[in-house]
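Colleague: Got a structure for you, written out below as structure tokens; questions coming shortly.
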Amino acid sequence: MKQLIACLLASLCLLQSLAQTPDPWVIKADKIDPANYYGITVANGMLGIVSAPEPFKIKDVVLAGAYDQYGRGRVSNFLRSFNLLNMYLDINGKRISGQNTTALKQELNMQEARFNTSIEYGDEATVSYSYYSLRHLPFTVLMDVTVKAKKDINITGSSVMEAPDALRDVQNYYNEIDRPHVVISLLTSAAKSPTGKLLMCASNSFLFPEQHGQEPRVIHEMWDNNMHLMKFSRKLRAGETYTYSVAGSSITSAHHDDPLNEAERLTIYAKLEGRDRLLQFHRQAWQELWKSDIQIEGDAQAQQDVHSMLYHLYSFAREGSAFSLSPMGLSGLGYNGHVFWDTELWMYPALLVMQPQIARGLVEYRFNRLEAARRNAFSKGFKGAMFPWESAETGVEETPVWALSGPFEHHITADVAHAAWSYYLVTQDKAWLRDRGWPILKETADFWASRVERNGPGKYEIKNVVAADEWAENVDNNAFTNAAAKANLQYAAEAARILGFQANTDWTQVAANIPILKMADGVTQEHATYKGEGIKQADVNLLAYPLKEITDPAQVRRDLEYYEKRVPNEGTPAMTQAVFTLLYARLGNGAKAYEWFKDAYLPNLNAPFRVIAETKGGTNPYFATGAGGILQSVIMGFGGVDITPAGIRQINTALPPHWKQVTITGVGPDRKTFTNKAK
């Protein structure tokens with residue numbers, strides 16, 4: 001008997017342990033506090049949908065590449081799209097809401113990029129819905145709604161199209177297209193962006209299941225200029241389960257010359273493809289993406305968190321697009337949707353090794369704005385191309401005037417060149433290097449050759465910049481800026497050699513004379529007047545990675561041990577700790593690396609989906625920049641993946657003490673697998 005009781009207790013403990021172990025692919029929110037709720041995003045690299053705690057409500061719909069000026073610093077801003085998935089559900093004439101439902105549960109399935117909500121409506125019905133930003137259709141979304149009747153009920157489902165406040169001159173349309181076997185009901189809206197520059201359009205349609213017989217009649221209601229809806233009604237018997245769907249599309253004149261008609265065409269296409277085929281192709285697309293994965297053995301929570309980070313980067317970019325990434329991706333309007341060094345230094349490297357075909361589009365974004373960068377250099381009295389600190393649609397400088405980083409944070413130009421050169425190293429694609437990489441490398445190298453002040457041998461100085469550590473404004477000879485400029489010049493010279501072009505002999509002359517300053521104790525000095533004050537974020541330590549300007553392990557450790565003590569515990573972005581993690585892993589100290597790994601993001605998480613904010617205790621999720629840095633700490637740190645002139649290789653690094661193994665699959669163009677086991 002005692003053995004039986006002991007066995008039962010052991011089994012119970014095992015079940016409890018399994019129940020508490022985080023699922024590697026599903027983030028569940030069973031206890032939701034609307035007052036402490038930070039939505040999670042479902043996106044397909046073009047269209048982002050941000051969750052809300054209220055049933056049948058969506059917080060935001062964000063469309064990549066849709067910018068206009070409207071009252072935020074006289075610069076371009078991301079626009080909210082039409083909220084084309086907001087819905088109503090009435091049961092027996094009463095609208096369900098957060099106030100009259102219970103057992104609200106939500107979850108994100110990262111493997112399928114599916115967001116699900118379930119609720120109980122008293123003793124009348126169990127209701128659930130799932131939505132998708134369809135991966136194979138960049139401008140199209142899908143929502144499924146399932147109602148399980150506990151007793152005989154009447155339901156009315158409504159699809160609500162509402163225009164964001166910033167849009168103007170809203171026009172609402174409703175059309176029914178009759179075909180022999182189907183009636184296509186189209187709920188459509190169009191509006192101008194605040195200045196009238198863009199036309200933004202959205203359209204959706206109900207998808208009813210064939211097994212339920214004749215489709216119900218759809219009725220259109222116009223409420224006001226900014227909102228209209230279409231609805232249907234149906235009776236359900238006790239025990240009956242009924243599922244219906246809404247497919248919708250949103251597109252602007254930044255994406256298509258005729259967005260109004262195209263929005264309706266895309267919706268008709270989705271309607272006639274049908275729910276099952278839409279989900280089949282969506283899932284296939286995500287299965288293909290997840291062939292490039294990170295698997296951690298020995299830390300279930302880290303596994304889930306790393307999957308979340310990779311899921312978000314995959315969600316915020318897509319192959320075939322030449323849009324770039326903002327620090328908050330498609331999770332909202334943070335940082336106005338602008339493109340910073342956050343892309344090239346922090347998010348891009350993980351995408352480059354895991355999904356090079358997606359990463360290519362991020363460099364294409366810069367190539368397409370090379371002429372704007374030339375004009376920017378000309379206006380400052382320099383040669384070549386000078387990329388803006390904040391970029392949006394056109395590639396002109398979009399930094400608000402009050403921020404000195406606009407006119408002075410010049411390292412962005414070298415960051416763009418670093419990304420271009422890294423793409424060549426990973427792919428070894430000489431045709432791309434000739435057609436795309438070389439123009440970027442040449443023009444940026446010409447910029448630095450004109451930017452330095454030539455004050456004698458070893459003193460080709462770069463003065464008056466905002467450092468990578470942005471608390472250091474208008475300083476001279478910043479370590480990262482100087483080292484990145486030097487690398488840029490060397491990349492251009494090497495690209496010329498590979499392609500058989502004539503390199504500018506001045507590039508190597510300038511690169512050889514740009515100073516990297518040292519303090520009396522041998523620590524690399526952040527800038528000419530640096531005296532040991534606190535730093536906002538990694539600067540000197542970036543010379544070891546990714547620039548490889550400093551390769552001596554003793555010097556890497558000396559700089560690391562000095563600057564890790566100068567990062568305040570609060571108010572700094574998450575990327576710095578990720579660099580510390582990576583460097584300690586490469587130095588062979590897995591325990592110290594793990595401490596920084598935890599510090600990089602655990603204090604930044606927000607409920608209920610563990611979404612990452614920019615700073616500890618911050619509330620501006622989702623901070624894709626931080627996610628990109630942490631992914632580098634896992635891939636290039638714990639995983640040992642390294643980008644070299646011969647392509648992707650693996651170096652020896654240390655794992656956290658309790659991690660058994662890290663396996664990285666689908667790496668690079670050859671889709672290789674790299675494994676690092678605990679020693």
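Colleague: State the Cα centre-to-centre distance between region 81-155 and region 554-620 in whole Å.
Modeller: What the calculation gives is 38 Å, centre to centre.
Colleague: Provide T399, T619 in ascending order of the number of other Cβ atoms located within 10 Å of each residue's Cβ, fewest first.
Modeller: T619, T399
Colleague: Could you work out the percent of alpha carbon pairs in region 465-586 separated by over 23 Å, rounded to a whole number?
Modeller: In whole percent, the share of Cα-Cα pairs in region 465-586 beyond 23 Å is 33.
Colleague: Could I ask something else about it? Taking the beta-carbon count within 10 Å as an exposure proxy, list L325, L560 from fewest neighbours to most.
Modeller: Going from sparsest to densest Cβ surroundings: L560, L325.
Colleague: What are the ³J(HN,Hα) couplings of region 274-283, residue after residue, when phi is run through the Karplus curve with 6.51, -1.76, 1.60 and θ = phi - 60°? Round to Hz, x for glycine and proline.
Modeller: Each residue's phi maps through the Karplus curve to give x, 4, 5, 5, 4, 6, 4, 6, 4, 5 Hz.
Colleague: Apply the Karplus parameterisation 6.51 cos²θ - 1.76 cosθ + 1.60, with θ equal to phi minus 60°, to every residue of region 199-210 and state each ³J(HN,Hα) to the nearest whole Hz, in sequence, with x for glycine and proline.
Modeller: 10, 10, 9, 8, 8, 9, 8, 6, 10, 9, x, 5
Colleague: Assuming a strict under-18 Å limit between Cα atoms, what lysine pair count do you get for region 503-599 once near-sequence pairs (fewer than 8 apart, same chain) are dropped?
Modeller: 7
Colleague: Any idea what angle helix 300-316 forms with the longest principal axis of the chain, computed on alpha-carbon atoms, 0 to 90 degrees, nearest 10?
Modeller: Roughly 90 degrees between the two axes.
Colleague: Once each part is reduced to its C-alpha centroid, what is the distance from region 174-191 to region 422-473 in angstrom?
Modeller: Taking the Cα centre of each part, region 174-191 and region 422-473 sit 53 Å apart.
Colleague: Quick check: convex hull over the Cα atoms of region 22-289, volume per residue in Å³, rounded to an integer?
Modeller: 142
Colleague: Evaluate E = 1/(1 + (r/R0)^6) for Q502 and A646, where r is the Cβ-Cβ distance and R0 equals 30 Å; express this FRET efficiency to the nearest 0.05.
Modeller: My answer for the efficiency is 0.75.
Colleague: Starting with the fewest neighbours, write out D539, D559 ranked by other beta-carbon atoms found within 10 Å of each beta-carbon.
Modeller: With the fewest neighbours first, D539, D559 line up as D559, D539.
Colleague: Do the sum for the chain: with -39,500 (n - 2.57) for every DSSP H run of n ≥ 4, divided by all residues, what is the mean residue ellipticity at 222 nm, to the nearest 500 deg cm²/dmol?
Modeller: The helix contribution divided over the chain gives -9500 deg cm²/dmol.
Colleague: Semi-axes, largest first, in whole Å: what does sqrt of 5 times each Cα gyration tensor eigenvalue give for region 593-639?
Modeller: 19, 11, 8
Colleague: Give a residue-ordered list of calculated ³J(HN,Hα) values for region 551-561 (Karplus: 6.51 cos²θ - 1.76 cosθ + 1.60, θ = phi - 60°; whole Hz; x for Gly, Pro).
Modeller: 10, 5, x, 5, 6, 4, 5, 4, 5, 5, 5
Colleague: Here's another thing I want to ask about it. Evaluate the relative contact order of the chain (contact order divided by residue number), counting alpha-carbon pairs under 8 angstrom at least 6 apart; express in whole percent.
Modeller: 12
Colleague: Measure nothing but the geometry: give the 0 to 90° angle between the long axis through the Cα atoms of 590-601 and the longest principal axis through the Cα atoms of the chain, rounded to 10°.
Modeller: 50
Colleague: Same structure, new question: Output the peptides 654-661, 633-640 sorted from most to least packed, where packing is the average of other Cβ atoms within 10 Å over each peptide's residues.
Modeller: 633-640, 654-661
Read the figures in this text as sums done on the coordinates, not as results from a lab. All values reported here derive from a predicted model rather than from experimental measurement. Glycine gets a Cβ as well: all are built from the backbone with ideal geometry, and neighbour counts include every protein chain shown.
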